[in-house]
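These notes concern the structure reproduced below.
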Amino acid sequence: MGGILSNLTGSPETSESGCNIFWGHVYQQSQKLMSQDNIWSSWSCWWFVCGLNNFEPTDSLQVFLELYEVFRKYDDGNGRIPLCQLRKAFNEVHLYPSKSQIFEMVQCAVEYGSPCEPDHVTFGEFCILVTELKNHYHNCHNIITPKPKSLYREKKTETDSIKWKKRENTTHFQVFLGGSCNPTTWRQELAIPFLKSHGITFYNPQVQNWRPELLELEAQAKENADIMFFVIDKETRGISSMIEVGYLVASMKQVILVLTEIEDNDTECKRVFTEQEKSDLCRGRKILEDLVERNSVPVFTDIDTALKCTEIVLNQGLRVQDLDLQHGAQPVIHGHIPVGETLLQMREAFNSMDSASFTTVDDQQLTPQELKLAYKSCTGKDLDSKWLKKKDKHSKYYFEEFCCIMVESQVQPSTVQKKITSFISTIFGKFSGHSSCSMPCHSEKDFRDVYLGGSCGDSNWRDKIAIPILRKNGISYVNPFISGYNQKLIPIQVQAREKCRLLLYVITDRTRSLSSMIEAGYYVGLGCKVILCIQQMKEGAMIGGEKISECGVKDYARGRAYLADLANREGVHIFEDILETVMYCVSYLQEIPVDTGY
């Protein structure tokens, strides 16, 4: 299946008698007629629907059937793929998007007015998204993650000779066991027995009698370990560990991460997390997962599988990024690329031609003339009227059919090598003025001076202090503050953040700021220009009307201390007063040349 799909086309060829092979119409009819049990019955139904009783199947027709078979495999029975199955469907055609990309795709479908319920995609949408992602893979196979504008000290992967030189006079452990500590037992019950049985050396920082002298040994073990094995489970907040993982991944360390989600009845210090704190902890995990997958590092949910992959990496000399489905990992390729834009643009073009007034999305249809105009809006080219009549004699077209026409019409049977790229490249060239490869090139006017990251919630430091000062000094900024969190904003905020020359993170004493600390740790590790203002959370602190437990105050204080420590080691300026921090940002930005980014 994958071999043919790797040359995806939407162009079933027609016979000289002008047989109608039209994807949207065929799909709607074949839902009713195709047998679920016998592929040969499906072929017969296909010919019946298309009026092709004497038509011989072609390779391009088989391609469509195979794509339809993938869709049908993950269809929920209502002609749509649910969000929870979409990643598996993409994997089946050798596409490996990140979780954020999957969510972004579904949100794009919802935003344009998909007839599906939220968190689902239709067949036409699936075809467009597959084609778009295939095009990215085709154009970007040698493209690395784009560099943030704030990058000023690029880090490089250490060569083997440098690693061995560092280890000459120090103890070398193959695996460092980081992550959740007390009261967790995953090290003693799972990790250590497995590593011992496979002859893998390890360093366990969780000891019964900890003493300050162990700090240096732990630092050396982290520096020299081949694999940083981290488990962030649901039994602890894992604040410091999440900050550290972000920092290590950005620093190009080999990290194997096991990440589990906080559930309704999970506890800390025998107290159930409040809804407010659970929301913050879940958001932090999603932010971390996105940052990790942007670097093509797979994220695990199962410790046993992660341990087996650790052994594979060490024994076979692989990178963690090279792990795939056969190893038990969930690979990610080009997790930094924005997706779903094509779907939005097509819907905008379709809606703009809708001259009639319809009460529901399901009723929206275009005449052939309107369809041709919508096509021209997307591609800048005229749709061949003869080709359209030959394909289908409908008087009205739904958006689902428009999707299929767009894919099919852009492919010429004689140009097999261009089947994937022609459609999306045409659309991106029309709408964006660039080819779809990695991130688009931005002009200087797209960039901003400073990103106002950090505490939101009850904090008003942006409006009261930062923004008035920045405006007074003619300094541009990005304000990511929102009243309500939405997961779809994660990739949008990353794009905005990485267009800024300076990243300011203010961690106040009246917010948990977990997501902000994870982001800050990541960009410090990446080598970006980061300025920090860190205020310590005090005992008895109130956040959103809730008193933070004694255990919680200690955890969040420990996270702040860890962020400050790693930032200090990287030469990052750290302040406690917000006004002083903002004034330093102003003086820094006024001193550096505008076009350098540092």
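Tabulated data for the structure shown
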| item | result |
| --- | --- |
| All positions within region 481-506 that are closer than 13 Å to GLU519 by Cα and free of Cβ contacts under 8 Å to residues at least 60 places away in the same chain | GLN493, TYR505 |
| Any hit, region 483-493, residues being β-branched (Val, Ile, Thr), over 24 Å from GLU546 (Cα atoms) and touching a Ser or Thr at 6+ places or on another chain (Cβ under 7 Å) | yes |
| Residues satisfying the stated conditions in region 65-111, i.e. of a type in the set (Phe, Trp, Tyr), within 22 Å of ALA329 (Cα to Cα) and buried (at least 20 other Cβ atoms within 10 Å of the Cβ) | PHE90, TYR96, PHE103 |
| From GLN254, GLN174, residue being more than 23 Å from the chain's Cα centre (by Cα), at pLDDT 90 or above and more than 24 Å from ALA557 (Cβ to Cβ) | GLN174 |
| Filter pass, LYS472 being at pLDDT below 95 and basic (Lys, Arg) | no |
| Criterion violated by GLY474 - all others in (1) in a helix (DSSP H, G or I); (2) farther than 19 Å from LEU514 by Cβ satisfied | (1) |
| Some residue of region 376-387 being modelled with pLDDT under 50, over 28 Å from the mean Cα position of the chain (by Cα) and surrounded by fewer than 19 Cβ atoms within 10 Å (Cβ to Cβ) | no |
| The listed residue being outside any helix (DSSP H, G or I) and either without any contact (Cβ under 8 Å) to a residue 60 or more places away in the chain or among the hydrophobic types (A, V, I, L, M, F, W, C) (or both), out of ALA329, ALA306 | ALA329 |
| Number of positions in region 444-471 that are in a loop (DSSP other than H, G, I, E, B) and either of a type in the set (D, E, K, R) or touching a residue at least 24 places away in the same chain (Cβ under 8 Å) (or both) | 6 |
| In region 309-320, the residues that are surrounded by 15 or more Cβ atoms within 10 Å (Cβ to Cβ) and either assigned by TED's automatic domain parsing to the domain that holds LYS99 or without any contact (Cβ under 8 Å) to a residue 40 or more places away in the chain (or both) | ILE312, LEU318 |
| Number of the exception - GLY527 against (1) over 15 Å from SER459 (Cα atoms); (2) surrounded by fewer than 24 Cβ atoms within 10 Å (Cβ to Cβ); (3) out of contact with any Leu (no Cβ under 8 Å at 6 or more places or on another chain) | (3) |
| Selection from region 571-584 of residues that are surrounded by 15 or more Cβ atoms within 10 Å (Cβ to Cβ) and touching a helix residue (DSSP H, G or I) at 6+ places or on another chain (Cβ under 8 Å) | VAL572, HIS573, ILE574, PHE575, ILE578, VAL582, MET583 |
| Some residue of region 273-286 being more than 15 Å from the chain's Cα centre (by Cα), at pLDDT 95 or above, within 16 Å of GLN330 (Cβ to Cβ) and outside any strand (DSSP E or B) | no |
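The values are calculated or read from the model by the stated rules, or taken from the named source; none is laboratory data. Please read these numbers as outputs of a predicted model, since none were measured by experiment. Cβ atoms come from the backbone with ideal geometry, glycine included; neighbour counts cover every protein chain shown.
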